[in-house]
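Reviewing the structure listed below.
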Amino acid sequence: MHGKANGPVAEQDQEVLTRVHESYDVRNHGASLRLPAEFVDRYAIVGAPEECIRRIGEVAEWGLRGWWCMARQWMQSTGTRSWRQT
């Protein structure tokens, strides 16, 4: 981001985007960013698989036909047991 949002952005989102720009640490690629839940809900699809499927259906009804999907995996090892969440 070049210091300000381009295009129409609600005032509360402009404030969040300004904070992101001012505090973003490229060495950690935003790992320490804390975004308001309302902001995330407006700009992303996150959650349990069932919730994501529901939200993708909503967005598809708006006519959006292109998607960019990114999934993060978390792994934790406890002795011989491990779990993975995607």
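What the table shows:
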item: Stretchable slack from Tyr43 to Val20, in nm (0.36 nm times residue separation minus alpha-carbon distance); result: 6.9 nm
item: Glu58-Glu11 pseudo-label distance in nm [points 7 Å out on the Cα-to-Cβ vector]; result: 2.5
item: Per-peptide average of other Cβ atoms within 10 Å, ordering 5-11, 39-45, 54-60 highest first; result: 39-45, 54-60, 5-11
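Each reported figure results from applying straightforward, stated rules to the coordinates on display, with no laboratory input. Values in this document were obtained by computation on a predicted structure and should not be read as measured data. Quick reminder, even Gly has a Cβ in these numbers, built from the backbone with ideal geometry, and neighbours come from all protein chains shown.
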